[in-house]
Amino acid sequence: MRTQALHAVAALVAGLLAVVLAGCGGDGEAGSDSFTVGLLLPNRVTPRWEKSDKPLIEQRLKELCDDCEMVYANAENDAARQRQQMISMITNGAEVLILDPADSKALRSSILEADRAGVPVIAYDRLAEGPISGFVSFDGAKIGRMQGEALMKAMAERGKGKTVVMMNGDPSSANAAWFRDGAVSAMSGKVDIARSYETQGWSPESAHANMSAAISSLGADRISGVLAANDAIAAGVISAFKKAGVEDLPPITGQDADLEAVWRILKGEQYMTVYKPFEKEAAAAAAMAIALGRGEDVRDVATTQVDSPTHQDIPSILLTPVPVTADDLERTVLHDGVFTVRQICPPILRPACDRLGLTG
């Protein structure tokens, strides 16, 4: 099933690129025109933004339009800074913006300004309020369900109760509620959700503080599993258990397949993560941006529609995420070239990798 999902995503994005390339001018070649695309990412706390998304989007844009330029800014988890970055890009001539909002609501006024200036905005990975022209992400409800289902499976295998602590994402992100609702839909009536926290800034420090409070309130031995919304949050959860002197950690979920999370999975500290093929997401966003920059109908590359709190029927591309435990590493992040065996199997983890047959 997981391999089929990866193939389906690859086929989808290949089709999207073909559509965009077909509209590249009379000679059928990319790069026959030029414009500037602005890329705005939300923070540096989540490793994927700088390590994966930024270079992948830049690469795809260049492949589709040789003469197009990309300008980049990172908000450092500051919505006010991101608003200023958007205004600066519009003022300096950006004709399309790819925006991963630091705050889904707070950026609404800036998106309205972009709309008045005739600059289309693509919401990337996180849905934003306001008149956005397109949305590219992974299905957040599926991610939450995958996490909830994996957590319940691991808890059942351990046979140590059904008490769950939910460590949700930052409430300023529309994705946080999306993930949470998906997880709750999977676990409702099957486990006892004893505590539920919001993690400001998706930061490990905030997650550590929240998890420490849960341990103090419930007792570590009563916590059967932790639904951590992403890998940064999982890192904070694990550090809180360790600080409390807990050696036998309960199952803990994650998301993003960060390298550090893969190491924690191999160590047995984190049970699972969710792999989102970032190359496919970057390609889809680039396809939308080029279509909009050329004045084409973005619905030609969109595959579905979603609603935001302010707008309906937003042209969207929702890709399929993949759950990953230790047994899945070879056919996911290794197969797709996200990491090499050398990267995920340093000497200290070599015995764990050998047990899984990870060689190379």
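Restricting LEU107, LEU127, LEU97 to residues that are within 19 Å of PRO277 (Cα to Cα) and buried (at least 17 other Cβ atoms within 10 Å of the Cβ) narrows the list to LEU127. Where strands (runs of 3 or more DSSP E) fall wholly inside region 41-124, the ranges with 1 or more residues that are in contact with a strand residue (DSSP E or B) (Cβ under 9 Å, 6 or more places away or on another chain) and either outside the structural domain of MET288 (by TED's automatic domain parsing) or more than 22 Å from LYS280 (Cβ to Cβ) (or both) are 69-74.
Look at GLY189 and say whether it is small (Gly, Ala, Ser), surrounded by fewer than 22 Cβ atoms within 10 Å (Cβ to Cβ), out of contact with any Leu (no Cβ under 7 Å at 6 or more places or on another chain) and not in a helix (DSSP H, G or I).
So GLY189 fits the description; yes.
Flag not set for MET152, criterion: assigned to a helix (DSSP H, G or I), under 15 Å from the mean Cα position of the chain (by Cα) and buried (at least 18 other Cβ atoms within 10 Å of the Cβ). Considering region 155-177, the residues that are assigned to a helix (DSSP H, G or I) and out of contact with any helix residue (DSSP H, G or I) (no Cβ under 8 Å at 6 or more places or on another chain) include one that is surrounded by the fewest Cβ atoms within 10 Å (Cβ to Cβ), namely GLU157. Just to be sure before I move on: is GLY182 surrounded by fewer than 24 Cβ atoms within 10 Å (Cβ to Cβ), of a type outside the set (A, V, I, L, M) and either free of Cβ contacts under 8 Å to residues at least 60 places away in the same chain or not in a strand (DSSP E or B) (or both) in the structure I sent? Yes. Count of region 110-124 residues, restricted to those that are acidic (Asp, Glu) and surrounded by 20 or more Cβ atoms within 10 Å (Cβ to Cβ), is 0.
The values are calculated or read from the model by the stated rules, or taken from the named source; none is laboratory data. None of these values were measured; they are calculated from a predicted model. Neighbour counts are summed over all protein chains in view; Cβ atoms, including those assigned to glycine, are modelled from backbone coordinates with ideal geometry.
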